[in-house]
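The values are calculated or read from the model by the stated rules, or taken from the named source; none is laboratory data. A quick note: this is a predicted structure, and the numbers were derived from the prediction, not measured. Methodologically, a virtual Cβ is constructed for each residue, glycine included, from the backbone with ideal geometry; neighbour enumeration extends over all protein chains shown.
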């Protein structure tokens with residue numbers, strides 16, 4: 001069953017938003033030039049798991065080719081539309097359907113707190 005959006009709920013135009021990296025994250029590239037994001041596992045549950053079960057303090061998230069191209073473009077100045085144009089220039093038809101894919105990418109990155117939008121009005 002689909003949930004219906006409220007009529008008064010404003011629509012977000014992701015193409016106008018300006019993303020920036022979360023300042024807590026570190027990232028690097030592997031031998032294949034793909035981006036690896038290093039995420040610290042914090043909180044009491046993770047602390048216990050690290051001590052009792054030898055779980056790692058950091059998790060490494062490996063991005064695919066498209067994500068590895070997009071990640072360094074996120075500079076706190078370019079809009080999602082600007083980045084989408086660069087993706088289209090780099091990958092051409094392989095990036096299609098461009099806008100739904102890039103918007104979904106940014107939604108996922110925001111949901112994991114890897115990025116935030118500097119010009120998004122919070123409620």
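For the reader, a short list of remarks on this structure follows.
- Qualifying residue in the range 54-77 (condition: free of Cβ contacts under 8 Å to residues at least 12 places away in the same chain, more than 11 Å from the chain's Cα centre (by Cα) and outside any loop (DSSP other than H, G, I, E, B)): no
- So residue 45, is it out of contact with any strand residue (DSSP E or B) (no Cβ under 9 Å at 6 or more places or on another chain), within 20 Å of residue 29 (Cβ to Cβ) and either at pLDDT below 85 or part of a helix (DSSP H, G or I) (or both): no
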